[in-house]
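Peer 1: Next up is a structure, given as structure tokens.
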Amino acid sequence: MINIAVCGANGKMGQEVIKAVRTADDMTLVARIDINNGQFATIKDAKDSVDIDILVDFTQPQAIYENALYCLNNNINMVIGTTGLSDSQIDELKKLSETTNTGCLIAPNFSTGAVLMMKFAQMAAKYFNNAEIIELHHNQKKDAPSGTAVKTAAMMAEVNDNLASGNCAETETIEGARGANSYNNIHIHSVRMPGFMASQEVVFGSNGQTLKIRHDSTDRECYMPGVLLAIRYVSEHKSFVYGLDNIL
Ligand SMILES: NC(=O)c1ccc[n+]([C@@H]2O[C@H](COP(=O)([O-])OP(=O)(O)OC[C@H]3O[C@@H](n4cnc5c(N)ncnc54)[C@H](O)[C@@H]3O)[C@@H](O)[C@H]2O)c1
């Protein structure tokens, strides 16, 4: 049995993870951690009371780095779904995971459809020299751009060093009109409103044609097979992984 603690247990994703863990024959839920009315308020409180094999974190961007430092320094393996970690923080966590031999899998998106959308976008980025990303989420999402958009841009940038090729010099008459200029000039536009859960469209263009690759999550259930897969992977391998695509 794999002993699971869920951090952010009372949140939208935390609740879904709890349901999924309860249906898995090889896992036991040992702790529900949440600063807001959790069985335990902190990871330390939970660790002092129960044996945790893997902590699954779906909290918030401001909390995740501290949570991860605590877990990796205290030999608690992690599966991280919380978004908002910077590239340098991810590098630091990778080093810490390796020096402490503690497993840590970070995935900005656990849905298989979104992972495929990212892979397809990376494939297309070899053949187009212009691309932009539009991500659309519910209006309670705290970070922008989404972790999925950042990871998608990073994957596309690995295969093409300029994705705004031939664009003229631009002036924004309203600041932000062109979105965030991320890796290799890939612009990311973040939409926030009710009605969306999590969607992303990667738009490619070249003379005389456009290509759009789109993924829509319509229910948080779509993330759960990926979360369970990640838990089993970390339980077995105790290594550092960034991106679900690396274990599919
Ligand atoms: N990786 C993925 O596939 C994926 C999918 C959806 C959402 N997310 C990310 O997951 C995170 C959570 O999303 P959500 O929609 O469930 O948010 P939410 O606001 O519904 O839930 C967050 C929960 O975490 C708790 N919390 C905050 N700080 C904490 C701390 N320091 N310790 C313990 N508990 C704490 C809050 O009280 C809340 O109950 C966000 O970063 C979101 O972007 C990732």
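The values are calculated or read from the model by the stated rules, or taken from the named source; none is laboratory data. Here the structure is a predicted model, which is why all the values come from computation and not from measurement. Because the Cβ atoms are built from the backbone with ideal geometry, glycine has one as well, and the counts that use them run over all protein chains shown.
Peer 1: When you go through 129, 139 one by one, which is the residue that is surrounded by fewer than 19 Cβ atoms within 10 Å (Cβ to Cβ) and either touching a strand residue (DSSP E or B) at 6+ places or on another chain (Cβ under 6 Å) or at pLDDT below 95 (or both)?
Peer 2: 139
Peer 1: Among the residues of the range 145-164, is any hydroxyl-bearing (Ser, Thr, Tyr), under 30 Å from residue 209 (Cα atoms), in contact with a helix residue (DSSP H, G or I) (Cβ under 8 Å, 6 or more places away or on another chain) and not assigned by TED's automatic domain parsing to the domain that holds residue 52?
Peer 2: Looking only at the range 145-164, we keep the residues that are hydroxyl-bearing (Ser, Thr, Tyr), and these are 146, 148, 152.
Next cut, under 30 Å from residue 209 (Cα atoms) only: 146, 148, 152.
If we keep only those that are in contact with a helix residue (DSSP H, G or I) (Cβ under 8 Å, 6 or more places away or on another chain) as well, we get 148, 152.
Then drop every residue that is not not assigned by TED's automatic domain parsing to the domain that holds residue 52, which leaves 148, 152.
Looking for residues that are hydroxyl-bearing (Ser, Thr, Tyr), under 30 Å from residue 209 (Cα atoms), in contact with a helix residue (DSSP H, G or I) (Cβ under 8 Å, 6 or more places away or on another chain) and not assigned by TED's automatic domain parsing to the domain that holds residue 52, one finds at least one in the range 145-164, hence yes.
Peer 1: Among the listed residues 236, 221, 170, which satisfies the condition of being over 26 Å from residue 72 (Cβ atoms) and out of contact with any helix residue (DSSP H, G or I) (no Cβ under 8 Å at 6 or more places or on another chain)? Steps first, answer last, please.
Peer 2: Numbers: 236 fails: over 26 Å from residue 72 (Cβ atoms); 221 fails: out of contact with any helix residue (DSSP H, G or I) (no Cβ under 8 Å at 6 or more places or on another chain).
Exactly one of 236, 221, 170 is over 26 Å from residue 72 (Cβ atoms) and out of contact with any helix residue (DSSP H, G or I) (no Cβ under 8 Å at 6 or more places or on another chain), namely 170.
One line per residue, one yes/no per condition, for (1) outside any helix (DSSP H, G or I); (2) away from the ligand (no atom under 14 Å from the Cβ); (3) crowded, with 18+ Cβ neighbours inside 10 Å:
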| residue | (1), (2), (3) |
| --- | --- |
| 168 | yes, yes, no |
| 171 | yes, yes, no |
| 196 | yes, no, no |
| 199 | yes, no, yes |
| 214 | yes, yes, no |
| 227 | no, no, yes |
| 230 | no, no, yes |
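Peer 1: Which condition number in (1) of a type in the set (S, T, N, Q); (2) assigned by TED's automatic domain parsing to the domain that holds residue 57; (3) in contact (Cβ under 8 Å) with a residue 12 or more places away in the chain; (4) under 18 Å from residue 244 (Cα atoms) is the one that residue 86 fails?
Peer 2: (3)
Peer 1: Something else about it: Within the range 180-194, track down each residue that is over 10 Å from residue 149 (Cβ atoms) and touching a residue at least 24 places away in the same chain (Cβ under 8 Å). Walk me through how you get there before you give the answer.
Peer 2: Start the filter on the range 180-194 by keeping residues that are over 10 Å from residue 149 (Cβ atoms), which leaves 181, 183-185, 187, 191-194.
Of everything in the range 180-194, those that are over 10 Å from residue 149 (Cβ atoms) and touching a residue at least 24 places away in the same chain (Cβ under 8 Å) turn out to be 183, 184, 187, 191, 192, 193, 194.
Peer 1: Quickly run through the range 81-130 and pick out the residues that are of a type in the set (Phe, Trp, Tyr) and in contact with a helix residue (DSSP H, G or I) (Cβ under 8 Å, 6 or more places away or on another chain).
Peer 2: 110
Peer 1: Something else: Within the group 211, 163, 228, which residue is touching a residue at least 40 places away in the same chain (Cβ under 8 Å) and over 20 Å from the mean Cα position of the chain (by Cα)? Let's see the steps before the verdict.
Peer 2: Values: 163 fails: touching a residue at least 40 places away in the same chain (Cβ under 8 Å); 228 fails: over 20 Å from the mean Cα position of the chain (by Cα).
It is 211.
Peer 1: Restricted to the range 43-58, and to residues that are of a type in the set (Asp, Glu) and surrounded by fewer than 23 Cβ atoms within 10 Å (Cβ to Cβ), which residue is nearest to residue 103 (Cα to Cα)?
Peer 2: In the first step, residues of the range 43-58 are kept if they are of a type in the set (Asp, Glu); the result is 45, 48, 51, 53, 57.
Okay, now just the ones that are also surrounded by fewer than 23 Cβ atoms within 10 Å (Cβ to Cβ), so 45, 48, 51, 53.
Working: 45: 21, 48: 20, 51: 16, 53: 10 Å.
Per the criteria, the residue is 53.
Peer 1: Still on this structure, please answer the following. Please find, within the range 108-122, the residue that is nearest to residue 156 (Cα to Cα) out of those that are surrounded by fewer than 24 Cβ atoms within 10 Å (Cβ to Cβ) and away from the ligand (no atom under 13 Å from the Cβ).
Peer 2: 122
Peer 1: Those residues that are in a loop (DSSP other than H, G, I, E, B) and under 15 Å from the mean Cα position of the chain (by Cα), I need them from the range 118-156; list them, please. Step through it out loud before you land on a result.
Peer 2: Restricting attention to the range 118-156, the residues satisfying the condition of being in a loop (DSSP other than H, G, I, E, B) are 126-129, 138-146.
141, 142, 143, 144, 145, 146 - these are the residues of the range 118-156 that are in a loop (DSSP other than H, G, I, E, B) and under 15 Å from the mean Cα position of the chain (by Cα).
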